[in-house]
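None of the figures in this text is laboratory data; all of them are computed from the coordinates on show. All of these numbers come straight from a predicted model, not from anything done at the bench. Here the Cβ is made from the backbone with ideal geometry for all residues, glycine too, and neighbour counts use every protein chain on show.
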Amino acid sequence: MPLAATTKVGDSYEETIVENLSRTQIVQYAGASGDYNPIHTDEVFATQVAGYPTVFAHGMLTMGMTGKMLTNYVGDGRLTYYGVRFVRQVWPGDTLVARAEVSAVRTEDGATLADLVITTTNDKGEVVMTGDATARIG
Amino acid sequence: MQDQPTDESLVPDETRALVGTLVAEPVRAEITAKESQRYAQAVGDLDPVYFDIDAASAAGHPTLVAPPTFVTHAVVVGLPLDRIRTDGLFTGAMPMRLRVQRTMFGGEEWDFDAPVYVGDTITAETRLASIDEKAGSKGPFVRIVRETTFTNQHGDVVARSRQIGIAR
């Protein structure tokens, strides 16, 4: 299903990247990434010291999960640029949908590139992360 | 407080002078299958080219592929517990003084220049790319951009990432 040279502006793809995010996955990510900030894993620290309602996912976890949607859409080895901005916290129990929409198709140095606008949304309909990406499509 | 501002700037001149310099010692790490796969599992990305050598070969790769964003984590060096700061990060980064209360991670962007494979040795060099004071709706803030260049054992730049910090 990788993006093809026939891809046009307005084409889009979306994927549920996590359902009912578990605290276990947040801990799994902390270990795999080496980011041990207790705000993500320690309920007492997150609530009583940092003043948050509970722990929340690493922004980079949302980025990584959204990256899975992107590589599924554009195909392996075709992503040339990926940038994200964290808009809102992601909490345990959240279900996230990541969406990419083609905003431009252009030619650069003989390669055909597609620019994508990325939005990751929680199950309340709130945007948690926005981003842009570019992929080689031909 | 020792560092009373003498002007309105949140960024002391000594910090502004660090733009372009390395913010930490360069780090070198080997991409291992186990670590790459643990990362892929943690982000729920079970693409066979990360796990199955035959699938990687069939897709035209010389060996197992690492997920594109894994390279950032591959160069995190494990350290004993007493060198982990209260914010969970490792000590060792060069200090940078700002006249702010808190810093937040605002986002990150990458350029992917070449695939990263299991067995590659990656060297990461991080510089302070820019530090700008901005006016925001909640008052002035500082936008800090650190840029990391990832280079493989062949001398090819495989990725560049920019980490954006917001301090106010």
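Restricting to the stretch B:120-168, name every residue that is outside any strand (DSSP E or B) and exposed (fewer than 15 other Cβ atoms within 10 Å of the Cβ). Talk me through it step by step, then tell me what you get.
Restricting attention to the stretch B:120-168, the residues satisfying the condition of being outside any strand (DSSP E or B) are B:120, B:137-138, B:152-156, B:168.
Of everything in the stretch B:120-168, those that are outside any strand (DSSP E or B) and exposed (fewer than 15 other Cβ atoms within 10 Å of the Cβ) turn out to be B:Ser137, B:Lys138, B:Gln153, B:His154, B:Gly155, B:Asp156.
Of all the listed residues (A:Leu116, A:Leu96), the sole one being farther than 17 Å from A:Gly10 by Cα and buried (at least 20 other Cβ atoms within 10 Å of the Cβ) is A:Leu96. When you check A:Ala133 against the structure, is it in contact (Cβ under 8 Å) with a residue 12 or more places away in the chain, closer than 16 Å to A:Thr62 by Cβ, of a type outside the set (S, T, N, Q) and within 14 Å of chain B (Cβ to nearest Cβ), yes or no? The answer is yes for A:Ala133. Where helices (runs of 4 or more DSSP H) sit wholly within the stretch B:24-83, those with at least 3 residues that are within 22 Å of B:Thr123 (Cβ to Cβ) and of a type outside the set (Phe, Trp, Tyr) occupy B:33-42, B:71-74. Return a yes/no flag: does the stretch B:126-137 have any residue that is under 26 Å from A:Thr66 (Cα atoms), of a type outside the set (A, V, I, L, M) and either in contact (Cβ under 8 Å) with a residue 24 or more places away in the chain or in contact with a strand residue (DSSP E or B) (Cβ under 6 Å, 6 or more places away or on another chain) (or both). Checked against the condition, which is being under 26 Å from A:Thr66 (Cα atoms), of a type outside the set (A, V, I, L, M) and either in contact (Cβ under 8 Å) with a residue 24 or more places away in the chain or in contact with a strand residue (DSSP E or B) (Cβ under 6 Å, 6 or more places away or on another chain) (or both), the stretch B:126-137 yields at least one hit.
Quick one: which of A:Asn72, A:Asn20 is over 11 Å from the mean Cα position of the chain (by Cα) and more than 10 Å from every other protein chain (Cβ to nearest Cβ)? If you could, list the steps in order and put the result at the bottom.
Working: A:Asn72 fails: more than 10 Å from every other protein chain (Cβ to nearest Cβ).
Being over 11 Å from the mean Cα position of the chain (by Cα) and more than 10 Å from every other protein chain (Cβ to nearest Cβ) holds for just one of A:Asn72, A:Asn20, which is A:Asn20.
Among the residues of the stretch B:34-48, count how many are free of Cβ contacts under 8 Å to residues at least 24 places away in the same chain, under 17 Å from B:Tyr117 (Cβ atoms) and buried (at least 17 other Cβ atoms within 10 Å of the Cβ).
At the first step, the residues of the stretch B:34-48 found to be free of Cβ contacts under 8 Å to residues at least 24 places away in the same chain are B:34, B:37-38, B:41-42, B:44-48.
Next, only the ones that are under 17 Å from B:Tyr117 (Cβ atoms) stay: B:34, B:37-38, B:45, B:47-48.
Filter once more, so that each one left must be buried (at least 17 other Cβ atoms within 10 Å of the Cβ): B:37-38, B:45, B:47.
The qualifying residues number 4.
For residues in the stretch A:77-121 being of a type in the set (Asp, Glu), more than 26 Å from A:Pro53 (Cβ to Cβ) and in contact (Cβ under 8 Å) with a residue 12 or more places away in the chain, which is nearest to the other protein chains (Cβ to nearest Cβ)? Steps first, please.
From the stretch A:77-121, those of a type in the set (Asp, Glu) are A:94, A:101, A:108-109, A:115; that's our starting set.
With the extra rule that they be more than 26 Å from A:Pro53 (Cβ to Cβ), the set shrinks to A:101, A:108-109, A:115.
From what is left, the residues that are in contact (Cβ under 8 Å) with a residue 12 or more places away in the chain are A:101, A:115.
Working: A:Glu101: 18, A:Asp115: 13 Å.
Among residues in the stretch A:77-121 that are of a type in the set (Asp, Glu), more than 26 Å from A:Pro53 (Cβ to Cβ) and in contact (Cβ under 8 Å) with a residue 12 or more places away in the chain, the one nearest to the other protein chains (Cβ to nearest Cβ) is A:Asp115.
Restricting to the stretch A:3-37, name every residue that is without any contact (Cβ under 8 Å) to a residue 12 or more places away in the chain and outside any loop (DSSP other than H, G, I, E, B). Of everything in the stretch A:3-37, those that are without any contact (Cβ under 8 Å) to a residue 12 or more places away in the chain and outside any loop (DSSP other than H, G, I, E, B) turn out to be A:Thr24, A:Gln28, A:Gly31, A:Ala32.
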